[in-house]
């Protein structure tokens, strides 16, 4: 079944362009121009993603996003708007947006962002995952590889889940410290490197020549399945 995407945009030409592009990429795209109607539609029907402008009739996009979260609707939201200041972006994320793009934008970048959001959403909370013949069992914090079971520590499991949810992205050590450990700043720490080394020992055929968790020199790590 194709992923369903709701486009909330009041400019007719852009709205139709987005619908056409997403339908051509095998998504099932609906569109609407009004904020209150968008909230009603996103509440009553199932969507895998909402692409949401801020400047809308009857209710702005920030209010729509906030109302969805207040109703405990976890559908991912990508803000797509001409309002591009840092303050606007921070406000969007605080109201519950999962990503934020400013107009004008390149359609290919939007498509990549959509793919990343949908991938993370599909993995979020997933108890098991298979990659290259390895079964990852998050419920029991272990992996099964070549019939052999290996336990994962809580932090290793969280780190692996984060890598799986952000496949193909280059992630810095500082970002991993914040996202996985909750540290805002920890200078001179090799915590991330040590945990990556432990994961490689458990996942890779040859940890000295990793094929899954790659080092991007000077930048961080990238997980490639």
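The values are calculated or read from the model by the stated rules, or taken from the named source; none is laboratory data. For clarity, every value in this text was computed on a predicted model and none was experimentally measured. When we count neighbours, we look across all protein chains shown, and the Cβ atoms used for this are built from the backbone with ideal geometry, even at glycine.
Does the range 1-54 hold any residues that are assigned to a loop (DSSP other than H, G, I, E, B), under 20 Å from residue 98 (Cβ atoms) and in contact with a helix residue (DSSP H, G or I) (Cβ under 7 Å, 6 or more places away or on another chain), and which are they?
3, 9, 25, 48, 53, 54
Any residue at all in the range 180-191 that is without any contact (Cβ under 8 Å) to a residue 24 or more places away in the chain, in a helix (DSSP H, G or I) and farther than 28 Å from residue 3 by Cα?
Within the range 180-191 (the criterion being without any contact (Cβ under 8 Å) to a residue 24 or more places away in the chain, in a helix (DSSP H, G or I) and farther than 28 Å from residue 3 by Cα), the answer is yes, since at least one residue qualifies.
If you check residue 56 against the conditions, is it outside the structural domain of residue 169 (by TED's automatic domain parsing), over 20 Å from the mean Cα position of the chain (by Cα), crowded, with 20+ Cβ neighbours inside 10 Å and touching a residue at least 40 places away in the same chain (Cβ under 8 Å)?
Considered against the rule, which asks whether it is outside the structural domain of residue 169 (by TED's automatic domain parsing), over 20 Å from the mean Cα position of the chain (by Cα), crowded, with 20+ Cβ neighbours inside 10 Å and touching a residue at least 40 places away in the same chain (Cβ under 8 Å), residue 56 comes out as yes.
Report yes if some residue within the range 140-153 is under 21 Å from the mean Cα position of the chain (by Cα), modelled with pLDDT under 90, within 30 Å of residue 73 (Cα to Cα) and outside the structural domain of residue 49 (by TED's automatic domain parsing); otherwise report no.
So far as the range 140-153 goes, no, none of its residues is under 21 Å from the mean Cα position of the chain (by Cα), modelled with pLDDT under 90, within 30 Å of residue 73 (Cα to Cα) and outside the structural domain of residue 49 (by TED's automatic domain parsing).
Considering each residue of the range 185-205, count those that are in contact with a strand residue (DSSP E or B) (Cβ under 7 Å, 6 or more places away or on another chain) and either at pLDDT below 90 or closer than 13 Å to residue 220 by Cβ (or both), and give that number.
Adding up the residues that qualify gives 1.
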